[in-house]
Structure formats: structure tokens, C-alpha cells
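Some notes on the structure that comes next.
The values are calculated or read from the model by the stated rules, or taken from the named source; none is laboratory data. Only a predicted model underlies this, so the values are computations on that prediction, with no experimental measurement involved. All Cβ positions, even for glycine, are placed from backbone atoms using ideal geometry, and neighbour counts span all protein chains on display. Just the protein is used for accessible areas: all its heavy atoms, side chains included, with ligands, DNA and RNA removed. Shrake-Rupley method; radii C 1.70, N 1.55, O 1.52, S 1.80 Å.
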Amino acid sequence: MAAARRLVVIGGDAAGMAAASRARRLLGPDELEITAFERGGFTSYSACGIPYWIGGDVGSRDALIARSPEEHRARGIDLRLHTEVTAIDPERRRVRTGPASGGAEAAGQWTDFDDLVIATGARPLRPGLPGIDAPGVHGVQSLDDGQALLDTLEGLGPRARRAVVVGAGYIGVEMAEALVKRGFQVTVLDRAAQPMTTLDPDMGTLVHEAMDGMGIEVVTGAAVTGIRTGPDGRADAVRTESATYPADVVVLGLGVRPETGLAREAGLPLGESGGLLTDLAMRVRGHEHIWAGGDCVEVLDLVSGRTRHIALGTHANKHGQIIGANIGGDYATFPGVVGTAVSKVCDLEIARTGLLERQAADLGLRFVTVTADSTSRAGYYPKAATMRVKMLAERRTGRLLGTQIVGREGAGKRVDIAAVALTAGMTVEAMTALDLGYAPPFSPVWDPVLVAARKATAAVREDAD
Ligand SMILES: Cc1cc2nc3c(=O)[nH]c(=O)nc-3n(C[C@H](O)[C@H](O)[C@H](O)COP(=O)(O)OP(=O)(O)OC[C@H]3O[C@@H](n4cnc5c(N)ncnc54)[C@H](O)[C@@H]3O)c2cc1C
């Protein structure tokens, strides 16, 4: 009998374990040996759930683990926790491993592969500011990070009530909510002019105003210069160029970069944002037996036609499935993304898909922009909540280019209508005829997205006159 092919996976979370699991479903252990290396102590966990665990909506860390190491092992995956891959040798098809913290693996061991999956995720930005490594300063990238933050919060005395979040992107605002829920007075600092730079500034202003209304202090145009520490060496304030913000705990949400140091050293192709470049089957360009997916790759943006780095779990899981299918002898591709994202801060829902104004302008596109205020349910129905929908449509053609939504309950996931329309290349006029469900508890007779599409259709026509 022919020896089993050897699959090596680097990274034990969404992309890596989805690839390993899918390949295992297609090929048994006699056909494919699977070894997965993970430098941490967890597998298949939902980092997306960390803010809700910290905030108390999710009762335990274990609830965020979709599949434990034992479950993977029971399915015939040789999982090596606390083991770091320290080099990739594409020519000789092997990886070198060493112990990560808490690991017992001997340093410098080589493992051969027939196929390799790189699923090393992303690395949170942690600028080299004074005091950044002081106790009391926390990232929230992994379950270990989440646990360390919870330990800090639980160890603070009853008089400790001030939290500073650095960064007002989606992780920053979700963490602001979590800390509010734990009874902290929260300040969010960001050097940009508005929170949520994934939105246009006018829509970011809505988020700013709503957060102010929730009692969350949002300070924009505030570049952090350092973390002040007290006599005990713990963080006790965050400094910007113009002010000092007292803090019992500091949370960093400054964004991420693809974790591709190993890939770079191995000479694998990287894009402008430092993410691995793959073909549509998620195979690393120019390398027949090396695959990559999740936060360590760049993806094709179907609206702009360019590759971008977008770190989202929804993509990572799909990439893993596709890689596993291809390794397992099936066939699947990842066509690209339209840039859809949804998040919330307390009862405010924030969503976007497609291009922002500045992105469309950078591409040389000419477009019209409309905003429409509407409600989540029929205006007369109880709990009808307001929302604003902003829509960009190309001049002349009327092609939908992007949509942003800010509003209360029922606002965020409406962006999916626009995501489907973008994927299908629809015009805003064609969108107005979409047969969406209607009953007063669910929407006004014209759904807010269709109200915006109607306005955008009129704007495209006027612009042509
Ligand atoms: C707080 C937070 C909230 C989020 N919320 C959302 C959300 O609401 N929606 C959404 O779509 N996405 C969200 N995300 C993003 C989502 O969690 C990531 O996109 C997803 O986890 C990416 O999966 P991945 O497998 O590519 O990488 P990761 O989850 O980062 O996993 C990579 C793994 O590789 C391991 N590793 C790296 N290098 C090595 C090495 N050399 N050797 C061995 N192991 C290595 C790491 O330890 C890690 O476990 C959130 C992320 C965070 C942090």
C-alpha cells in the first residue's frame, strides 16, 4: 500500500483547523497524515466572541471553543500544541519547529510535508510606546489575552472604575461596550477624526454621537504617546500629545497585520499589505504544494479589483474549507470579497459593504452619494428604531458601489442585502425592484435599503441630465 500523503498545518484556529477537518472528512488516515502545529494552547476558538465573554454576555471561555484539541485528535489529526513553526523550507518541503511558551517540543526538529497549509493569522499592532508592556495593558487577540484581561479586571479593587481603550475600530468599540457592561467609565482614544474609519467620516460621526450618548467618552485626533505607570509599575494613565487620561486598565485595539514573517523568510510571495498572495484555489502563487488562508492572506476585492488585507473570521473559515477540499481531492475556489463587515457598540449597529467614498475616488470612479433615514419596522409599530443608510452608485451606469448603515436594532444585518447586490453587480435601480419580505414588525413597506436605492436611482438620473 502506498504511504499516506503528509499534510502539515501551521496555526490551529479557524483557517488551519477548518482546512485540516475538511481534508480529514475527505481522506482517511491511511491516505493522509495530518499534523497541525499551534503555538498557543487552544484550537478552533472564536476570537470574535472575546468582547462578549469579557462583557459577560457569554458565560465562559470554553463556550468560545468550537472544537477542542481532544476532539481534533479523536478525528485523526496529530495536533501539537505549544509548538511554534520557526522556519519553512519550500524546496525540501519541510518545516522546523520549536517549543512555544509552555511547550515541550525539542527545538530545531524538522517535519516533512507533501502539502503545507499556512494559517498563521494576524498579529495585533503594538507600537513601541513607553509603558506599552506594563501590567494592566492588554490586547484581545487570543483567548489567553482575554483571560489575562479578565484576571486583571477581577483583580482590580472596587474603586477601580476607569478604562481606556486605544483605537476606535470595531474591536475597540466592541471592547468599549464590554467594559461599560462591567461597570467601567470608558474613554476611547483614536488619532483619526472619527471612530470607525471603516466608514465614511459622516457615518463615523453618527457613531461618535451615539457613543457620547451612551456615556462613552470618545476622543478623536488623539495620538497616544505613551502609557504612564504608577509606583507599583502598573499602567495608571494613557498620555496623548495634549492630555493624560487616568486608567485602571488599558485595552489596545489598534488593528492587525498579517502574520507572515515565516512566509517572508521562506521567499513566498507577499502583497502590498504584507499578506500572502494566493490563487483562487487558495494555493500560494507559484507553489504547487503550499496553501494559505485566513488573516495571513490578501483577498481579491471584487468591487475594486485589487487585493486587500481584511482580517475576518468569516473569510478564514471559508478559506479553510476551500483548502481542505482541494487537498482532499475535491475542487473549490474563493472568488473574493465585497468588503462586508458588521459590528455593534451597546445598542448601536454599524455595518458596511463595498467601497467608501475615498476608496471609490482613489480608484478613479465617479459616483453619486445619498443618505436615507428610515426605521427598522413600520413607523407605527412598537420599537421602530431609526437608522441611516448611505449608498454610493456609479455615475451613468448606476452600479452599486457601496453601502453603510448605522442604526439601532435591526439595522446592521440589512447590509447583507447590499452585499448580495454588490456581488451580483446590480444597479441601484435594479435593487429597487428586489422582492424583500415585508410585514410591519420587520420593516416599513419600503425597506430602508430600498429607500436608499430609490434615492440613489434618482440621483444617478439627475446627475445624467
Ligand atoms: C476581539 C476580536 C473580535 C473579532 N470579531 C470578529 C467578528 O465579529 N467577525 C469576524 O468575521 N471576525 C472577527 N474577528 C477576526 C477573527 O477572529 C479572525 O479573522 C480569525 O480568527 C482569523 O482566523 P485565522 O485562522 O486566519 O487566524 P487566527 O485566529 O489568528 O489563528 C492563527 C493561529 O496560528 C497560530 N500561529 C501563528 N504563527 C504560528 C507559528 N509560527 N507556529 C504555530 N502556530 C502559529 C496562532 O497562535 C493562532 O492560534 C475578531 C478578532 C478579534 C481579535
**Asked** So which aspartates and glutamates can Lys390 reach, going by Cα to Cα under 16 Å and dropping same-chain residues fewer than 8 places off?
**Response** Asp200, Asp202, Glu349, Glu357, Asp373, Asp416, Glu429, Asp447
**Request:** Starting from the Cα of Ile132, step 7 Å toward the Cβ, then list every residue of region 255-280 with an amide N under 14 Å from that point.
**Result:** 255-257
**Asked** What order, most packed first, do the peptides 115-125, 230-240 have when packing is the mean number of other Cβ atoms within 10 Å of each residue?
**Response** 115-125, 230-240
**Request:** Quick one: net charge around Arg228, please, counting Lys, Arg +1 and Asp, Glu -1 for every other residue with C-beta under 11 Å from its C-beta.
**Result:** +1
**Complete:** The answer for the chain, counting only DSSP H helices whose Cα atoms cover 15 angstrom or more along the axis and whose Kyte-Doolittle average is -1.0 or greater, is 14-26, 143-155, 170-181, 201-213, 313-327, 448-464
**Request:** Label region 186-306 by shape, choosing from rounded, prolate and oblate, from the square roots a ≥ b ≥ c of the eigenvalues of the Cα gyration tensor; if a/c is under 1.5 it is rounded, and otherwise prolate applies when a/b is larger than b/c, oblate when it is not.
**Result:** oblate
**Message:** At a 10 angstrom cut-off on C-beta neighbours, averaged per residue, how do the peptides 53-62, 170-179 rank from highest to lowest?
**Reply:** 170-179, 53-62
**Inter-label distance, nm, simple model (7 Å from Cα along the C-beta direction), Arg306/Lys413** = 3.3 nm
**Fill in**
Rounded to the nearest 500, the 222 nm mean residue ellipticity computed for the chain from DSSP H runs (n ≥ 4, each -39500 (n - 2.57)) alone is -7500 deg cm²/dmol
**Asked** Roughly how many nanometres apart are two label points built 7 Å out from the Cα toward the Cβ at Asp373 and Asp202?
**Response** 1.3 nm
**Fraction of accessible area attributable to carbon and sulfur, region 55-136 (%, probe 1.4 Å)** = 47 percent
**Prompt:** What does the highest-first list of 193-204, 445-456, 369-380 look like by mean Cβ count within 10 Å?
**Reply:** 445-456, 193-204, 369-380
**Item:** Inter-label distance, nm, simple model (7 Å from Cα along the C-beta direction), Ala430/Tyr380
**Value:** 3.6 nm
**Asked** Met214 to Arg257: FRET efficiency via 1/(1 + (r/R0)^6), r the Cβ-Cβ distance, R0 30 Å, to the nearest 0.05?
**Response** 0.50
**Prompt:** For region 277-359, with only Lys/Arg (+1) and Asp/Glu (-1) charged at the beta-carbon, what is the dipole magnitude about the Cα centre, in debye rounded to 20?
**Reply:** 140 debye
**Asked** List the aspartates and glutamates whose alpha-carbon lies under 12 Å from that of Lys344, not counting same-chain residues fewer than 8 positions away?
**Response** Glu174, Glu177, Glu409
**Item:** Accessible area per residue in Å² at 1.4 Å probe, computed on the chain
**Value:** 44 Å²
**Complete:** Per the rule of 0.36 nm per residue minus the C-alpha distance, extending Asp330 to Arg161 adds in nm 55.4 nm
**Request:** Assuming a ≥ b ≥ c are the square roots of the Cα gyration tensor eigenvalues, decide whether region 99-202 counts as rounded (a/c under 1.5), prolate (otherwise, with a/b larger than b/c) or oblate.
**Result:** oblate
**Message:** Just to confirm a number: summing +1 for Lys and Arg and -1 for Asp and Glu over residues other than Val337 whose beta-carbon lies under 15 angstrom from that of Val337, what do you get?
**Reply:** 0
**Prompt:** Looking at region 255-344, which GluC sites (Glu not before Pro) are in a loop (DSSP not H, G, I, E or B) and have at most 12 other Cβ atoms within 10 Å?
**Reply:** Glu272, Glu288
**Asked** So what is the orientation-averaged projected area of the chain, using the convex hull of its C-alpha atoms, in nm²?
**Response** 25.0 nm²
